[in-house]
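Peer 1: Below is a structure I'd like to ask you about.
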Amino acid sequence: MKAINWKNAIAAGFLGTILFDLIGLLITGQWWDIPTILGAKTGLGLGYGVMGHYSNGILLAVLYAGIAPSLWGPKWARPLIFVTGETIALVWLFMLPLLGAGVAGIDMSPMMPVITLVRHLAYAIPLIFIINYEVKISRA
């Protein structure tokens with residue numbers, strides 16, 4: 001088993017979070033909407049929200065780097081599978097209901113599930129190109 005390349009995972013998570021935010025800006029017209037919400041909900045301000053948001057993006061990339069060899073599909077599809085599962089489990093079923101937006105944010109907007117998934121798919125792009133791993137094919 002190959003160890004996680006921490007430098008690549010951190011870079012991919014940081015760049016992925018920037019892409020996530022750029023797509024958010026294009027769709028919503030707001031920059032750092034997620035950090036703003038995090039800072040406001042915790043009462044710790046925008047600085048904390050930015051640090052929390054980007055730390056979360058890096059953590060998700062590190063988690064992906066650890067499990068990527070175990071996921072199904074070609075290298076380009078694995079990050080897409082990962083972020084789709086993460087979006088459903090952690091965003092649609094946990095974070096958005098916790099924020100009072102309902103399951104998948106549907107109470108906030110009928111487009112919220114699409115917006116959150118598109119942003120996370122953009123986040124996956126650096127994971128495709130930066131995180132490297134070996135896949136052993138077993139022949140049974």
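Peer 1: Could you grab me the full set of residues in segment 6-20 that are closer than 9 Å to residue 123 by Cα and free of Cβ contacts under 8 Å to residues at least 40 places away in the same chain?
Peer 2: If the condition is that a residue be closer than 9 Å to residue 123 by Cα and free of Cβ contacts under 8 Å to residues at least 40 places away in the same chain, then 18 is the only one that fits.
Peer 1: Quick check: anything in segment 36-50 at pLDDT below 95 and either out of contact with any helix residue (DSSP H, G or I) (no Cβ under 8 Å at 6 or more places or on another chain) or not in a helix (DSSP H, G or I) (or both)?
Peer 2: yes
Peer 1: Let me ask something else about it. Select, from 122, 61, the only residue that is touching a residue at least 24 places away in the same chain (Cβ under 8 Å) and within 17 Å of residue 5 (Cα to Cα).
Peer 2: Working: 122 fails: within 17 Å of residue 5 (Cα to Cα).
From the options 122, 61, the qualifying one is 61.
Peer 1: Scan segment 53-72 and give yes if some residue there is surrounded by 19 or more Cβ atoms within 10 Å (Cβ to Cβ), of a type in the set (A, V, I, L, M) and farther than 20 Å from residue 132 by Cα, otherwise no.
Peer 2: Looking through segment 53-72, none of the residues is surrounded by 19 or more Cβ atoms within 10 Å (Cβ to Cβ), of a type in the set (A, V, I, L, M) and farther than 20 Å from residue 132 by Cα.
Peer 1: Let me ask another. Filter segment 113-140 for residues that are in a helix (DSSP H, G or I) and over 14 Å from residue 23 (Cβ atoms) and give the result.
Peer 2: We begin by selecting, within segment 113-140, every residue in a helix (DSSP H, G or I); these are 113-130.
Hits for segment 113-140 are 113, 127, 128, 129, 130.
Peer 1: What are the pairs with Cβ atoms under 8 angstrom where one residue, in segment 93-105, is touching a residue at least 12 places away in the same chain (Cβ under 8 Å) and the other, located anywhere, is assigned to a helix (DSSP H, G or I) and surrounded by fewer than 14 Cβ atoms within 10 Å (Cβ to Cβ)? Sequence gap at least six, or different chains.
Peer 2: 96/103; 99/41; 104/93
Peer 1: Those residues that are in a helix (DSSP H, G or I), hydrophobic (A, V, I, L, M, F, W, C) and free of Cβ contacts under 8 Å to residues at least 60 places away in the same chain, I need them from segment 21-35; list them, please.
Peer 2: Step one: filter segment 21-35 for residues in a helix (DSSP H, G or I), giving 21-28, 33-35.
Imposing the further condition that a residue be hydrophobic (A, V, I, L, M, F, W, C) reduces the set to 22-23, 25-27, 34.
Once the filter is applied, which keeps residues that are in a helix (DSSP H, G or I), hydrophobic (A, V, I, L, M, F, W, C) and free of Cβ contacts under 8 Å to residues at least 60 places away in the same chain, segment 21-35 yields 25, 26, 34.
Peer 1: Among the numbered criteria (1) more than 25 Å from residue 111 (Cβ to Cβ); (2) assigned to a helix (DSSP H, G or I), which single criterion is violated by residue 60?
Peer 2: In the conditions (1) more than 25 Å from residue 111 (Cβ to Cβ); (2) assigned to a helix (DSSP H, G or I), residue 60 misses (1) alone.
Peer 1: Another one. Within segment 1-27, which residues are among the small types (Gly, Ala, Ser) and at pLDDT 95 or above?
Peer 2: Residues satisfying the conditions are 9, 11, 12, 13, 16, 24.
Peer 1: Another question, if that's okay. Within segment 120-129, identify whether any single residue is modelled with pLDDT of 95 or more, surrounded by 14 or more Cβ atoms within 10 Å (Cβ to Cβ) and more than 21 Å from residue 79 (Cβ to Cβ), and answer yes or no.
Peer 2: no
The values are calculated or read from the model by the stated rules, or taken from the named source; none is laboratory data. These numbers come from a predicted model, not from an experiment. With ideal geometry, Cβ positions are generated from the backbone for all residues, glycine too; neighbour counts draw on all protein chains shown.
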